1. Filter region 9-25 down to residues that are without any contact (Cβ under 8 Å) to a residue 60 or more places away in the chain and polar (S, T, N, Q) and give me whichever is farthest from GLY58 (Cα to Cα).
2. Go through region 225-288 and tell me which helices (runs of 4 or more DSSP H), entirely inside it, have 1 or more residues that are within 32 Å of the chain's Cα centre (by Cα) and surrounded by 14 or more Cβ atoms within 10 Å (Cβ to Cβ).
3. Kindly indicate the residue of region 19-43 that is among the hydrophobic types (A, V, I, L, M, F, W, C) and assigned to a helix (DSSP H, G or I) and also surrounded by the fewest Cβ atoms within 10 Å (Cβ to Cβ) among those meeting that condition.
4. When the residues of region 180-203 are filtered to those that are under 19 Å from ALA134 (Cα atoms) and hydroxyl-bearing (Ser, Thr, Tyr), which remaining residue is modelled with the lowest pLDDT?
5. Which number in (1) more than 30 Å from ILE61 (Cβ to Cβ); (2) modelled with pLDDT of 85 or more marks the one condition that TRP177 misses?
6. Tell me yes or no: at least one residue of region 265-272 is among the basic types (Lys, Arg) and over 30 Å from TYR224 (Cβ atoms).
7. For residues that are surrounded by fewer than 21 Cβ atoms within 10 Å (Cβ to Cβ), touching a helix residue (DSSP H, G or I) at 6+ places or on another chain (Cβ under 7 Å) and not hydrophobic (A, V, I, L, M, F, W, C), tally how many sit in region 157-180.
8. Please count how many residues of region 148-172 are among the hydrophobic types (A, V, I, L, M, F, W, C), within 30 Å of ILE298 (Cα to Cα) and touching a residue at least 40 places away in the same chain (Cβ under 8 Å).
Amino acid sequence: MKIDRLLSIVVYLLNRELASARSLAERFDVSIRTIQRDMETINLAGIPIVSVQGPSGGYGIMDTYKMDRRLMSTDDLFYIITALNGICSSMDDARIDDTLEKMKGLMPPSPADPFRERQERLYVDFSMLGGGPAQREVFRVVQSAVDSGRLLRFIYTSNRMERVTRVVEPMTVVFKWRAWYLFAYCRLRDDYRLFRISRIQRPEVLDGGFRRRGLSFEDFDREYDPEKTGKLLELVLRFSAEMVPLVEEFHNEEDMERPGDGSLVVRVRMPEDGWLYGYILSFGQFVEVLEPARLREIIRESSKKIAELYE
């Protein structure tokens, strides 16, 4: 569409001093004459275009029209761009690319590349959080439902491994606990819920819209925090010496005890659900549940069933 091309040209020029008509034509896959007409259209729209003749000339946007770079330091821009790059690696959203292009245009001109120099020291990549093409498509559908304010239907697998079709009022996409979630009002449960997007299957945006409810995600996060609602299970786990380096990555030092025999005892509070059982079982014979006794029995029975599969 012409309007999309014009907006893209404006963003492109904001990031550069000058760009030749030929380079613009090649980038946007149009003729040089079309670029010349686009420049006239942009200028008539109130964005002051300057034209410089000669071998090093081209089109540009008047400096006084560009955002004052003094509003942000190079470090400010670097951290914003780095964060956007990280999000972009897991979200297939062209709007983030557009935002990145705009932010890069605020970087002060320099013979060196200050952004690249800093990128050598700090790089954020969330690509593994986006999953494969199918998971990215799920994310896209969820995001479109949030943006359009329309009802969303999907099949969801809960922490207790229950698979149920849900119809929800999607309100906020959230990154929390190393994963992407959807904050929504569930019409099946008649309550607010947080759905892990990786567990959503076959999402479908419905025709019906909804009026956004009053509870924000920040309020929900405070009110439903398991730490405050008492829904966390207190447990004591003893890990053998082989697992200590791995366990130290996931638990705080203040939660650990070192008996002196090379093992590691961890005291922690966690929600009791299928994920917790799977987490403990994933360590096999290298972990023992010391407390509570009920959880110890659950793990013992689960281990027996696993052993029976290999008899």
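The values are calculated or read from the model by the stated rules, or taken from the named source; none is laboratory data. Treat the numbers as computed from the prediction; the structure is a model and nothing was measured. When we count neighbours, we look across all protein chains shown, and the Cβ atoms used for this are built from the backbone with ideal geometry, even at glycine.
1. SER23
2. Answer list for region 225-288: 244-250, 274-281.
3. ILE32
4. The qualifying residue modelled with the lowest pLDDT is SER198.
5. (2)
6. Among the residues of region 265-272, not one is among the basic types (Lys, Arg) and over 30 Å from TYR224 (Cβ atoms), which makes the answer no.
7. 4
8. Number satisfying all stated conditions: 2.
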